[in-house]
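The values are calculated or read from the model by the stated rules, or taken from the named source; none is laboratory data. Because the structure is predicted, anything quoted here is derived from the model rather than measured. Using ideal geometry, Cβ is built from the backbone for each residue, glycine included, and neighbour counts are taken over all protein chains shown. Surface accessibility is based on the protein's heavy atoms, side chains included, excluding ligands, DNA and RNA. Shrake-Rupley method; radii C 1.70, N 1.55, O 1.52, S 1.80 Å.
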Amino acid sequence: MLQKVVEYAKQLFRMRVPKSVIEETSRIFEVLPETAGQLSDATIPLEKRMSIIDSIFPTEVRDTLKVLCNDGLLSAWGEVAEEYERISNEESTKLKVHLRYVTKPEEEQLKRIREFVYNKYHSRNIEVVLEEDESLGGGFVLEVGHDQYDWSTKGRREQFLEEMQNKRFSNSQQDIISILQSSVEDFDLKAEKKEIGFVSSVGDGIVIINGLDHAMYGEIVVFDNGVRGMVQNIERNRIGVILFGDEEGIIEGSRVVRSNKMAGIPVGDAYLGRVVDALGAPIDGEGPINTKEYRPIEEPAPGIIDRKSVNVPLQTGILAIDSMFPIGRGQRELIIGDRQTGKTSIAIDTILNQKGKDCICIYVAIGQKESTIASLVENLKKNEAMSYTCVVAATAADPAPIQYIAPYAATSLAEYFMYQGRDVLIVYDDLSKHAVAYRALSLLLGRAPGREAYPGDVFYLHSRLLERSCRLSDALGGGSITALPIIETLDGDVSAYIPTNVISITDGQIFLESNLFFEGQRPAVNVGLSVSRVGGAAQTKAMKKAAGSLRIDLAQYREMAVFTQFSSDLDESTKTQLEQGAILMELLKQPLGRPLSLGEQVVTLVLALHKEFLGTAKKDVKDLQNKVLAFFNEQEGDLIRNIEISGLLQEDMEQRIIQLYHDFLKKEEEKLS
């Protein structure tokens, strides 16, 4: 009978009947003892006893109870339940050891392996599974639960390459032969414990993994086929990983190993003038990039004590921005507007204007076409701007994980320069596509969708990115990162989810309006909705004085133009105000790739706000401005350079600018006569 009890218990365990069902069945027998009596009574027809089992007991145990009833052993259920408990406990404590080998181990070797496992895990209850794996090259790999010990040829090779790579980063001045020689001399093979997991599911660049209980958020994990991924989701019994490569070769059951390293990219001066992907690998066909350092893509933003107030201007070369919405080094100024309104053009002109100003530029393209990025790089090369610029590209063809990490990786590169005491300008083009990529990842990872299907932490997505842009204190070198994030709106709706998030994170916004753009007012800056929260603190004294009442004059002009559009009888002062406003609007127009120097902007504003351009036909204003600036650069270059260097505009300098303009007009009249 004892043998039968054991057999029934093993059968229940093989059927994977839950422990709770066994306990529930035992409770039914305790609470309803008369039922046990009826089922054991041979005088009651078997069919009736079977129907009682079907009506009272859980589905999972009915077949076993019917066999017990038929054999007259129902009274032994308590013993069956106890035996089931014993088997269950024994199996739960059994160590499952997976041994992969090239040459099958002998019995003596297996005995030593069992002894090794006992010394490590203090258990004799071991189940060894043997598997031949020729890819190891030699030796064997021992897996105990989610721990791995690698004594294989393949493992030695990988360990040696990793050690050589680490030495290369730490000894960047050494040549490759010296590094190789020292790596061979110092190499010490270690079969250290590695934590492994197994792929549960894979698809759309997302891998769900069982195991890796100690993996950290943002840690790199390595798959069997060499592809790397980053831990993005941590749940109670599994983790979600985003892939940085092709998912081909990754299937259910594939092994994954922790690297114990956070995701990062190589950084160095060699990146200037190059086009790279989100992982720092060159994609411009100009050979490898020799780097000295490695930085994590996610870094905490500098604290308040580590920062310094923003008071040094970063000239964009765009008159409408530098005069009314000044940007300081270390500021975060949002460029926002509908598609095809000139957002990228403003960012590129700002990059072009940094030539010779000791400011490094990083342009991050997120979700853009490769042809668009190629055209942009060509434009930068043509204007000799690539020497101080790096382009980080995550194209529309790249998977969502690559688009997601691109701005963080680019910011790590910017931080490398900032902590060297240098000024950096970084353009994120654009964060709307970045948020869409993150939404796709989050939904695939099973996170709960919120407003517009974005996850609840989408605000933190951009806040932790943009908070890294700042101006460091003198104690830390005084470097800075100035951020120009770009956001695309739909039909001018700045109250949508992502635009309102980024507006609240940044230190101001430049709002580009479609109507102004199509009217020919380019850059199409809406003076009413645009703002810089740093303001005059980031302006030179010369610009502050020259810009004077520009914003007020434009506001009055717009208001007056609305009220007088249907009126024909206007007094002289109103006509003058309208003419002056129209001239100012013309002067704020600026062609692509023609940023103005500080001196040129100051000269333009001094003449405009002293109403020296009054009487000029609207269509001739830009032509006149270009001729005047050409005259000043040729004849009075010292004046322009003086304004550039000192940042000051003295009273006598203003008068001199006006006098020189009058001299210019006389020369023009003489030419015509």
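Quick one: in region 19-73, which of the residues that are of a type in the set (Lys, Arg) and surrounded by fewer than 17 Cβ atoms within 10 Å (Cβ to Cβ) is modelled with the highest pLDDT?
ARG27
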Inset, instruction - Please verify whether region 91-108 includes one or more residues that are part of a strand (DSSP E or B) and charged (D, E, K, R). - result: yes
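One line per residue, one yes/no per condition, for (1) hydrophobic (A, V, I, L, M, F, W, C); (2) open to solvent by 10 Å² or more (accessible area, probe 1.4 Å):
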position: ALA409; (1), (2): yes, no
position: SER442; (1), (2): no, no
position: ARG447; (1), (2): no, yes
position: ARG464; (1), (2): no, yes
position: ASP474; (1), (2): no, yes
position: ILE481; (1), (2): yes, no
Legend entry - Selection from region 124-133 of residues that are over 17 Å from SER254 (Cβ atoms) and not in a strand (DSSP E or B): ARG124, ASN125
Inset, instruction - Within region 449-462, track down each residue that is surrounded by fewer than 16 Cβ atoms within 10 Å (Cβ to Cβ) and either closer than 18 Å to GLN232 by Cβ or free of Cβ contacts under 8 Å to residues at least 40 places away in the same chain (or both). - result: PRO449, GLY450, ALA453, GLY456, ASP457, TYR460
Inset, instruction - Considering each of ASP322, ASP349 in turn, give the residue that is closer than 17 Å to VAL534 by Cα, out of contact with any strand residue (DSSP E or B) (no Cβ under 7 Å at 6 or more places or on another chain) and touching a residue at least 40 places away in the same chain (Cβ under 8 Å). - result: ASP322
Legend entry - Residue tally, condition part of a loop (DSSP other than H, G, I, E, B) and either under 17 Å from ALA263 (Cβ atoms) or under 24 Å from the mean Cα position of the chain (by Cα) (or both), over region 190-238: 11
Legend entry - LEU648 over 22 Å from ALA582 (Cβ atoms), open to solvent by 50 Å² or more (accessible area, probe 1.4 Å) and of a type in the set (A, V, I, L, M): yes
Legend entry - Of the criteria (1) in a loop (DSSP other than H, G, I, E, B); (2) open to solvent by 30 Å² or more (accessible area, probe 1.4 Å), which one GLY330 fails: (2)
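Please go through region 259-269 and pick out each residue that is within 22 Å of PRO401 (Cα to Cα) and open to solvent by 40 Å² or more (accessible area, probe 1.4 Å).
ASN260, LYS261, MET262
Could you check region 416-432 and list, in sequence order, the residues that are surrounded by fewer than 21 Cβ atoms within 10 Å (Cβ to Cβ) and touching a residue at least 60 places away in the same chain (Cβ under 8 Å)?
Of everything in region 416-432, those that are surrounded by fewer than 21 Cβ atoms within 10 Å (Cβ to Cβ) and touching a residue at least 60 places away in the same chain (Cβ under 8 Å) turn out to be TYR419, ARG422.
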Inset, instruction - Check region 656-672 and report whether any residue there is without any contact (Cβ under 8 Å) to a residue 12 or more places away in the chain, assigned to a helix (DSSP H, G or I) and closer than 28 Å to ALA538 by Cβ. - result: no
Legend entry - PRO300, sole failed condition from (1) assigned to a loop (DSSP other than H, G, I, E, B); (2) under 30 Å from CYS361 (Cα atoms); (3) in contact (Cβ under 8 Å) with a residue 24 or more places away in the chain: (3)
Legend entry - In region 232-255, the residues that are more than 22 Å from GLU143 (Cα to Cα), crowded, with 18+ Cβ neighbours inside 10 Å and β-branched (Val, Ile, Thr): ILE242
Legend entry - ARG228, sole failed condition from (1) on the phi < 0 side of the Ramachandran plot; (2) open to solvent by less than 40 Å² (accessible area, probe 1.4 Å): (2)
Legend entry - Within region 637-652, considering residues that are hydrophobic (A, V, I, L, M, F, W, C) and outside any helix (DSSP H, G or I), the one nearest to THR540 (Cα to Cα): LEU648
Legend entry - Members of region 529-561 that are β-branched (Val, Ile, Thr) and either open to solvent by 90 Å² or more (accessible area, probe 1.4 Å) or in contact with a Cys (Cβ under 7 Å, 6 or more places away or on another chain) (or both): ILE552
Inset, instruction - State whether the residues of region 506-525 include one that is of a type outside the set (S, T, N, Q), open to solvent by 30 Å² or more (accessible area, probe 1.4 Å), free of Cβ contacts under 8 Å to residues at least 40 places away in the same chain and outside any helix (DSSP H, G or I). - result: yes
Inset, instruction - Determine the pairs where a residue that is in a helix (DSSP H, G or I), located within region 255-275, has a partner that is open to solvent by 20 Å² or more (accessible area, probe 1.4 Å) and basic (Lys, Arg) with Cβ atoms under 9 Å apart, the partner being 6 or more residues away or on another chain. - result: ASP269/LYS292; ALA270/LYS292
Legend entry - Residue count for region 270-300, restricted to those that are surrounded by fewer than 18 Cβ atoms within 10 Å (Cβ to Cβ) and in contact with a Cys (Cβ under 7 Å, 6 or more places away or on another chain): 1
Inset, instruction - Please specify each residue of region 595-636 satisfying the condition of being over 18 Å from ILE658 (Cβ atoms) and either in contact (Cβ under 8 Å) with a residue 40 or more places away in the chain or open to solvent by less than 10 Å² (accessible area, probe 1.4 Å) (or both). - result: PRO595, LEU596, SER597, LEU598
Legend entry - Subset of region 333-347 [open to solvent by 10 Å² or more (accessible area, probe 1.4 Å) and either among the polar types (S, T, N, Q) or within 27 Å of LEU472 (Cβ to Cβ) (or both)]: GLN340, THR344, SER345
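For the structure I just gave you, tell me whether GLY356 is open to solvent by 20 Å² or more (accessible area, probe 1.4 Å), outside any helix (DSSP H, G or I) and of a type outside the set (D, E, K, R).
Here the answer is yes, as GLY356 does meet what is asked.
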Legend entry - Number of the exception - SER495 against (1) over 20 Å from ILE327 (Cα atoms); (2) among the polar types (S, T, N, Q); (3) part of a loop (DSSP other than H, G, I, E, B); (4) in contact (Cβ under 8 Å) with a residue 12 or more places away in the chain: (4)
Inset, instruction - All but one of (1) modelled with pLDDT under 90; (2) surrounded by 15 or more Cβ atoms within 10 Å (Cβ to Cβ) hold for ILE657, so report the exception by its number. - result: (1)
Inset, instruction - Collect the residues in region 457-473 that are of a type outside the set (A, V, I, L, M) and either in a loop (DSSP other than H, G, I, E, B) or more than 27 Å from THR389 (Cβ to Cβ) (or both), keeping them in residue-number order. - result: ASP457, PHE459, TYR460, GLU467, ARG468, SER469, CYS470, SER473
